[in-house]
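The structure appears below as structure tokens.
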Amino acid sequence: MEKRPAISRYNGRLNTTNNKETRLKILVPVKRVIDYNVKVRVKADGTGVDLANVKMSMNPFDEIAVEEAMRLKEGGKATEVVAVSCGITACQETLRTAMAIGADRAILVETDVELQPLAVAKLLAAVAKKESPQLIILGKQAIDDDSNQTGQMLAALLGWS
């Protein structure tokens, strides 16, 4: 397990304990969900939600996470904000929204498989190991499944808990 330097506040700037200024790279996972203004329809056979011709958007809690990452960047605490999403090709729209808010880069982990929170956490852990961010900001939960599990699982997988 990699040991990270202890972080403390000094003169309003984020510094490590050896007084070297630390610039943060922030990773922000974003999820594509049915827009919160759309009335959800159940499939005729009752097996799930009808997604045909339904407006999709970024999970509102993830949007808040992107905005907070941008506040840190604008305040000089971060140097780069990277948005990441896991899912189908259409998730690019969600990543474009994150970039429109101000994210510097976007990463799409493309898969056609319906992902559960643990699978998403494992994918995000792999991305985090490759990107080496100092901070990961997730929305508190997704409005489609309300599971609130991915962040905690990701922290455990990275040993950040």
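A few points about this structure:
- Residues in region 67-98 that are in contact (Cβ under 8 Å) with a residue 24 or more places away in the chain, over 14 Å from the mean Cα position of the chain (by Cα) and within 30 Å of Leu51 (Cβ to Cβ): Ile88, Ala90, Glu93.
- Filter result for Gln152 (free of Cβ contacts under 8 Å to residues at least 24 places away in the same chain, surrounded by fewer than 18 Cβ atoms within 10 Å (Cβ to Cβ) and closer than 13 Å to Gly87 by Cβ): no
- Residue in region 13-27 that is within 15 Å of Gln134 (Cα to Cα), open to solvent by 30 Å² or more (accessible area, probe 1.4 Å), assigned to a strand (DSSP E or B) and at pLDDT 90 or above present: yes
- Every residue from region 73-89 that is surrounded by fewer than 18 Cβ atoms within 10 Å (Cβ to Cβ) and aliphatic (A, V, I, L, M): Ile88
- Hey, Asp62 under 22 Å from Ile34 (Cβ atoms), charged (D, E, K, R) and open to solvent by 70 Å² or more (accessible area, probe 1.4 Å) or not: no
Let's see how each residue does on (1) in a helix (DSSP H, G or I); (2) in contact with a strand residue (DSSP E or B) (Cβ under 6 Å, 6 or more places away or on another chain):
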residue	(1), (2)
Val33	no, no
Val40	no, yes
Gly46	no, no
Phe61	yes, no
Ile64	yes, no
Gly76	no, no
Ala83	no, yes
Cys91	yes, yes
Thr97	yes, yes
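- Identity of the residue in region 90-118, in contact with a Cys (Cβ under 8 Å, 6 or more places away or on another chain) and open to solvent by less than 40 Å² (accessible area, probe 1.4 Å), that ends up farthest from Ala156 (Cα to Cα): Thr111
- Residue count for region 125-147, restricted to those that are modelled with pLDDT of 90 or more and exposed (fewer than 15 other Cβ atoms within 10 Å of the Cβ): 5.
- Members of region 50-59 found to be open to solvent by 60 Å² or more (accessible area, probe 1.4 Å) and either within 14 Å of Ala142 (Cβ to Cβ) or not in a loop (DSSP other than H, G, I, E, B) (or both), listed by number: none
The values are calculated or read from the model by the stated rules, or taken from the named source; none is laboratory data. Given the structure is predicted, the values throughout are model-derived calculations rather than measurements. Virtual Cβ from ideal backbone geometry, glycine too; neighbours counted across all protein chains shown. Surface accessibility is based on the protein's heavy atoms, side chains included, excluding ligands, DNA and RNA. Shrake-Rupley method; radii C 1.70, N 1.55, O 1.52, S 1.80 Å.
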